[in-house]
1. Spin-label point model (7 Å from Cα, Cβ direction): what's the Ala129 to Thr158 distance in nm?
2. Once you order the gyration tensor axes a ≥ b ≥ c over the Cα atoms, which shape class does region 1-76 get: rounded for a/c under 1.5, otherwise prolate or oblate by comparing a/b with b/c?
3. Using a 7 Å offset from the Cα along the Cα-to-Cβ direction at both Glu112 and Arg18, what is the distance between the two label points in nm, to one decimal?
4. Apply the a/c threshold of 1.5 to the C-alpha gyration tensor of region 101-144 and tell me whether it is rounded, prolate or oblate.
5. Expressed in nm to one decimal, what extension gain is obtained for the pair Asn8 and Tyr121 from 0.36 nm per residue of sequence separation less their Cα-Cα distance?
6. Rounded to the nearest 20 debye, what is the charge dipole size of region 1-81 about its Cα centre when +1 sits on each Lys and Arg Cβ and -1 on each Asp and Glu Cβ?
7. How high is the FRET efficiency from Thr204 to Glu56, r the C-beta distance, R0 25 Å, rounded to 0.05?
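Readers should treat all values here as calculations from the given coordinates under stated rules, not as data from a laboratory. All values derive from a computational prediction rather than experimental measurement. All Cβ positions, glycine included, derive from the backbone under ideal geometry; neighbour counts span all protein chains shown.
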Amino acid sequence: MTIDDFENYIRQSFSQRRLPVDRCSRILFSQLAHMPNYRGLNYPYQFVEREIMELEGQALHSATKPAASFNEKGQLGGFWHKHFFVPGYEHLGVNAKLALKLDDPTSGKTSEMILRVAKPYKGRPFDEAAKLSLSRELAQEFVFGQHGVQNRLSGKATGDWIVYLPHDGNNYYLCIAKHDEDDFILDAIKVCVIEFPFINDVLTASALSEPD
């Protein structure tokens, strides 16, 4: 399947799910078609598709944070973003670090979890069977425990952004991007003006509101 074929396949998938193909930019579909493939039940684009379904009011539960507007005083003022999460990408590692506060040297979450799970093994022979058992229990707690990764995937997950613009009661989906790609997002939005001319009014208002 060529990239063009795959892009058409994605458009058809959006249509089958009653998603607004006419309110999705050409840039967005091109990005979705170029997302890396991996073995599994889903293509990465489907996790973007799922979040757009949620934004369109279809009865789905989102794993990620609620949609939010960009800073009104910044260059992306007036535009909004919604997170999407792709299992198996770097998104899993980021959410794991946030769930257990692995980047916070003052947090005792991880050490508390390890000590609690390991406590029953104290004073027991630590043979191969015990090592395997402890490893399984730690993995289980890491993913499904009270402060584990799975808990974060219940409406609190982070990931990358779907950038969109609410306009006249509808959402217009423009591109996907990482958190530190404001300049790329702005360039992509400017290209989208060709398809959605009203975007220019938002860009102009945003530029006027930026601090000197």
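1. 4.3 nm
2. It is prolate, given that a/c is not under 1.5 and a/b is the larger ratio.
3. Result: 4.5 nm between the two label points.
4. prolate
5. 35.1 nm
6. 140 debye
7. Computed FRET efficiency for Thr204 and Glu56 comes out at 0.35.
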